[in-house]
1. Do you know which residues across the stretch 92-114 are crowded, with 20+ Cβ neighbours inside 10 Å and at pLDDT 90 or above?
2. Take Gly176 and decide whether it is surrounded by fewer than 18 Cβ atoms within 10 Å (Cβ to Cβ) and touching a residue at least 24 places away in the same chain (Cβ under 8 Å).
3. Give, as residue ranges, the strands (runs of 3 or more DSSP E) completely inside the stretch 307-352 that count at least 1 residues that are over 30 Å from Asn59 (Cα atoms) and either modelled with pLDDT under 90 or among the charged types (D, E, K, R) (or both).
4. When only residues in the stretch 180-212 that are more than 16 Å from Val325 (Cα to Cα) and charged (D, E, K, R) count, which is nearest to the chain's Cα centre (by Cα)?
5. Return the total of residues in the stretch 184-206 being on the phi > 0 side of the Ramachandran plot and crowded, with 23+ Cβ neighbours inside 10 Å.
6. In the stretch 282-306, what residues are modelled with pLDDT under 85 and either in a strand (DSSP E or B) or among the basic types (Lys, Arg) (or both)?
7. For the condition modelled with pLDDT of 80 or more, small (Gly, Ala, Ser) and either open to solvent by 40 Å² or more (accessible area, probe 1.4 Å) or not in a loop (DSSP other than H, G, I, E, B) (or both), what is the one hit in Ser40, Ser31, Ser64?
Amino acid sequence: MRVSSAMMINNYINAVNGNYATQAKYVEQNSTQQKLNRPSDDPVDYAKYLSYTTDDVENSQYTSNAQSAVSWMTASDNALTNIYQQFKTFIEQTNQAANGTNQTFDGSSTATQLLSILQETVSQANSDQGGRYLFSGQSDKTQPFTMSTDKVQRGLTKTLDENQSAFFGKTVSIGGVATKVDGGTQVNGMDQMLSLKGSDGNDYYLDPSTGYVFSKDFVQSGYKDKISAGQTSVTADDAVGRITLTSNSTLADLPKTAADLAAGNLNATAYADEGTYESLTTNVRKDFINKYFNTTNGAITDAGKALQTTGLSAGTSTTFSFNTVEQYVVSYAGDDNKISMVKLNGGVDTTRDSVNVTGSDMFGDSDIFGASHGTATLNDMLTVVAEMDSGNQNWLSSDGITLANNASNYLSEAQTGLASRSSAYSAAVTTLNDQNTVIQGNITDVNGINVAEVATKLLTAQTIYNISLAISKNVLPGTIADYLS
């Protein structure tokens, strides 16, 4: 076959272009340090590369979320730890003050110290991270806690111990099962009644969930005599009388006798489920409390100040009014919404992914007055301060210590929950870093280059290209060969 000069020239030019393309490919790889610079380099590997880089972006975002969450929760834990230590000091001083044998007790001086502790607590509770308040929920640009500059006149509570709660409880049928519920009003892990002052000079306690009034002596110790006599729960005969709650209250009388009590003989004796019963008791309590107390701060209203209940028991002319305490109160301006920093694929789970602690988590959602949202236990402790200032050692030795301990326990639960989530996020950071190592390995396998190998191939390609140019004079016409060389 005859080979023409045109064919030789075309074959040569194609070879030179191919050598140049090979050289350019290695130059690009050496420059970018990547094997794949466009889909056409290797469509299959390029598809894998895109998948791995997507994994890398997601992993980086989750890692960033988890690291930010750990930082946020570390700052939160530091603040909570400081508050917990302040609460321990508060409890220690309350215990010392409540000790009746302490002859050097100075209530006013101790109250000043305790108030300083709570002021520092509020300061710690207003801690922020990068201009975002740690304990404001999603309202993290709003300072959450503020202590009032003036005192308010709040209702005074009686906190029942475990034995009192059991005795003053009620038996009701819930879902067809006879159930014993605690006495008083259940708030923040405590069972409480309201303190009343009788015109006879004695103190009494009102159960807001039923309206029944009991003498202080009976609540404190008299009920024990009933237990010794074989009575296991309170009856209407144990009360000095009853304050009507609302005209349409379905939680009416306690059973009249022990036999009625055993039968669960309330006006409304059966409830479909526990939620129905709790909703009812809550509404009854709110109907009653809202008449006499401010649902923002628990301050007694004009109606509460004017309360003069008479004739609770036949043959008695004793009248009753609310006992109150003048104290500072703390308010909460945050919300109860969770801040989520997702660390895993899938939908957001606020229990799993939340990183913040709200006021309600730390200090309780509400008190017996339906007030103190997010500050209930703080305001309980401010009640302790007020009673300390008045030198009421008897109250401190029972209710005061109980309220202080409950505040500490409530905060401890918030710390425990935070620690659990923080541990999960720390573990997630470790897992995500391990995943990142695998992802980077995949990317390197599909797109990485061996620098030494590429350099050698580039040098070889350059040599071949230069040789191909050098022999051009034997292939191309002289004038063209001269031009190229």
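1. Matches in the stretch 92-114: Thr94, Ala111, Leu114.
2. Details: surrounded by fewer than 18 Cβ atoms within 10 Å (Cβ to Cβ): yes; touching a residue at least 24 places away in the same chain (Cβ under 8 Å): yes.
Against the criterion (surrounded by fewer than 18 Cβ atoms within 10 Å (Cβ to Cβ) and touching a residue at least 24 places away in the same chain (Cβ under 8 Å)), Gly176 qualifies.
3. Numbers: elements: 320-322, 324-327, 330-332.
Result: 320-322, 324-327.
4. Asp191
5. Initial filter on the stretch 184-206 (on the phi > 0 side of the Ramachandran plot): 184, 188-189, 201.
Now restrict to residues that are crowded, with 23+ Cβ neighbours inside 10 Å: 184.
Qualifying residue count, the stretch 184-206: 1.
6. Passing the criteria: Arg285, Lys286, Lys291, Lys305.
7. Numbers: Ser40 fails: modelled with pLDDT of 80 or more; Ser31 fails: modelled with pLDDT of 80 or more.
Selected residue: Ser64, the only one of Ser40, Ser31, Ser64 that is modelled with pLDDT of 80 or more, small (Gly, Ala, Ser) and either open to solvent by 40 Å² or more (accessible area, probe 1.4 Å) or not in a loop (DSSP other than H, G, I, E, B) (or both).
The rows are residues; the columns are (1) β-branched (Val, Ile, Thr); (2) at pLDDT below 70.
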| position | (1), (2) |
| --- | --- |
| Ala404 | no, no |
| Tyr410 | no, no |
| Gly417 | no, no |
| Arg421 | no, no |
| Val451 | yes, yes |
| Ala455 | no, yes |
| Ser468 | no, yes |
| Tyr483 | no, yes |
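The values are calculated or read from the model by the stated rules, or taken from the named source; none is laboratory data. Note that the coordinates shown come from a computational prediction; the quantities given were computed from them, not determined experimentally. Note that we place each Cβ from the backbone using ideal geometry, even for glycine, and neighbour counts take in every protein chain shown. Heads up: the accessible areas ignore ligands, DNA and RNA and are worked out on the full protein's heavy atoms, side chains in. Shrake-Rupley method; radii C 1.70, N 1.55, O 1.52, S 1.80 Å.
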